[in-house]
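The values are calculated or read from the model by the stated rules, or taken from the named source; none is laboratory data. Quick caveat, the model's predicted, so the values are computed rather than measured. Cβ sites come from the backbone with ideal geometry, for glycine too, and all protein chains shown count toward neighbours.
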Amino acid sequence: MAEVTIWHNPRCSKSRQTLALIEEKGISPQVRRYLDEAPSEDEIRAVLADLGLKPIEAMRTREPEFNAMGLSRDSDDAVLIRAMAEVPKLIERPIVLSGGKARLGRPPEAVLDIL
């Protein structure tokens with residue numbers, strides 16, 4: 001079985017629900033508290049490729065930091081990725097990685113097909 005990693009924020013209900021769902025399947029994932037251990041720009045690019053999403057589609061655009069950094073839906077992808085690395089709070093959560101695939105846990109059940 002492939003190793004499962006979750007980019008987790010314990011304060012987020014969807015992140016907690018997704019982690020619980022993974023554990024209910026008998027899997028002990030590697031839990032990465034991405035707010036404490038921010039991913040690099042390269043890691044973010046790789047995860048976006050695995051997700052099949054554009055940077056803006058994996059961002060929390062309603063966070064005050066999004067506007068404070070002068071970001072918009074039209075910002076260049078490289079600018080958005082840099083912003084996510086600098087302020088990981090902007091990364092939509094949770095993200096589950098397994099076997100070269102990734103899913104955004106919104107809803108939590110969306111991760112089941114890669115476990």
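Just need a number here: residues in region 62-114 that are assigned to a loop (DSSP other than H, G, I, E, B) and either of a type outside the set (Lys, Arg) or under 19 Å from GLU43 (Cα atoms) (or both).
So the answer is 16.
Give the residues of region 54-81 that are of a type in the set (Lys, Arg) and in contact with a helix residue (DSSP H, G or I) (Cβ under 6 Å, 6 or more places away or on another chain), sorted by residue number.
Scanning region 54-81 gives ARG60, ARG73.
Mind telling me which of the residues ALA46, ALA102 ends up being within 11 Å of the chain's Cα centre (by Cα), under 25 Å from PRO29 (Cα atoms) and of a type in the set (A, V, I, L, M)?
Going through ALA46, ALA102 in turn, the sole match is ALA102.
For region 40-53, which positions are farther than 14 Å from GLU92 by Cβ, assigned to a helix (DSSP H, G or I), in contact with a helix residue (DSSP H, G or I) (Cβ under 8 Å, 6 or more places away or on another chain) and not acidic (Asp, Glu)?
ARG45
Working carefully through the options GLY70, GLY99, GLY26, find the one that is modelled with pLDDT under 95 and surrounded by fewer than 18 Cβ atoms within 10 Å (Cβ to Cβ).
None of the other options fit; the residue is GLY99.
Checking LEU112 against (1) farther than 21 Å from SER13 by Cα; (2) more than 11 Å from the chain's Cα centre (by Cα), only one condition comes out false. Which one?
Here LEU112 meets the rest and fails (1).
Let's see how each residue does on (1) under 17 Å from LEU112 (Cα atoms); (2) polar (S, T, N, Q); (3) in the same structural domain as ALA110 (by TED's automatic domain parsing):
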residue: ILE6; (1), (2), (3): yes, no, yes
residue: ILE22; (1), (2), (3): yes, no, yes
residue: SER28; (1), (2), (3): yes, yes, yes
residue: ASP76; (1), (2), (3): no, no, no
